[in-house]
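The values are calculated or read from the model by the stated rules, or taken from the named source; none is laboratory data. The structure presented is a predicted model; accordingly, all values stated were derived computationally and were not measured. So basically every Cβ, Gly included, is an ideal-geometry build from the backbone, and we count neighbours across all protein chains shown.
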Amino acid sequence: MAASEGNFWWGVVVGWVLMMIVNIFIPVVGPLVGGFAAGYIAKGGLWNGGIAGLVAGIIGAVIIAVLILIGATAFLGGIGLLSGFFIGSLLVVGVFIVNGILAFIGGAIGGAVAG
């Protein structure tokens, strides 16, 4: 692999981890920073960096939804499964809209900076 090429999935994982850490302290800045890191590591310009940031945001939403589903099922059984699925689905949509768009913007900036 040439030095100028990035690693898309490594960028996604690093961006997601960074997004989760920064999100604890500054919620709106977390997706931008994580998306920037994902785009910078993935390289490939605006579009590839933006997609890396978007995927990092989506992975975060899906992992949170799965944890809610498991927790609700463990505590409430069948009713918890249904409510966890409903809440998890709404959460995925909400987090995708907010974090996904912000992470895409951060990733596009990171991809553009990285070239």
Q: Select, from ALA38, ALA103, ALA42, ALA114, the only residue that is small (Gly, Ala, Ser) and modelled with pLDDT under 90.
A: ALA114
Q. Pairs, please: C-beta under 9 Å, at least 6 apart or cross-chain, first residue under 15 Å from ALA108 (Cβ atoms) and in region 15-40, second assigned to a loop (DSSP other than H, G, I, E, B)?
A. VAL33/ILE26; GLY39/GLY6; TYR40/GLY6
Q: Take region 69-84 and flag every residue that is touching a helix residue (DSSP H, G or I) at 6+ places or on another chain (Cβ under 6 Å), surrounded by fewer than 20 Cβ atoms within 10 Å (Cβ to Cβ) and in contact (Cβ under 8 Å) with a residue 12 or more places away in the chain.
A: LEU81
**Q.** Hey, LEU102 without any contact (Cβ under 8 Å) to a residue 12 or more places away in the chain and either part of a helix (DSSP H, G or I) or not hydroxyl-bearing (Ser, Thr, Tyr) (or both) or not
**A.** no
**Q.** Residues located in region 85-105, provided they are farther than 27 Å from ILE70 by Cα and either aromatic (Phe, Trp, Tyr) or under 11 Å from the mean Cα position of the chain (by Cα) (or both)
**A.** LEU102, PHE104
**Q.** region 88-101, residues that are surrounded by 15 or more Cβ atoms within 10 Å (Cβ to Cβ) and farther than 16 Å from TRP16 by Cα
**A.** GLY88, LEU91
